[in-house]
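All remarks here apply to the structure that follows.
Nothing in this text is a laboratory measurement; each read-out follows from the coordinates by a stated rule. Everything numeric here is computed off the predicted structure, so don't read it as measured data. Reconstructed Cβ throughout: ideal geometry from the backbone, glycine too, with neighbour counts over all protein chains shown.
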C-alpha cells in the first residue's frame, strides 16, 4: 500500500484509515467533514481518536486487513471424494463430520 495525497483522493467519510501530515505522526483517523470557502477551496477536517480534530493531514492509506490464521487445510485440497463425488469439504464442518460420513459410507458396502 502507498500513501495517497489528499489532493489526489480522499477516503470515504468516517472510514478509519492511517493518516500523516504536517505535525501529525502516523495515526489512525478519519475524515470527519470538509468546508468550501467562497473561492471553492476545500478544507478537510480529520478526527484522530483520542487526540481531537486536525486540519494538517496531507496523506492517508487504507488500514491493512487484519491477520487471519490459516485453517488446517489451507493450501491443500480442502475436500474428500468417494467414488468421484465430494463427500466432505472443510467449509462444511469439522473432521468429526468426515469420520461420521466415512463410517456411514463404509457401512453401506
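Of note:
- Spin-label pair residue 105-residue 38: with each label point 7 Å from Cα along the Cα-Cβ axis, the two points sit 7.9 nm from one another.
- Among 61, 13, a tally of other beta-carbon atoms within 10 Å of each Cβ gives an order, fewest to most, of 13, 61.
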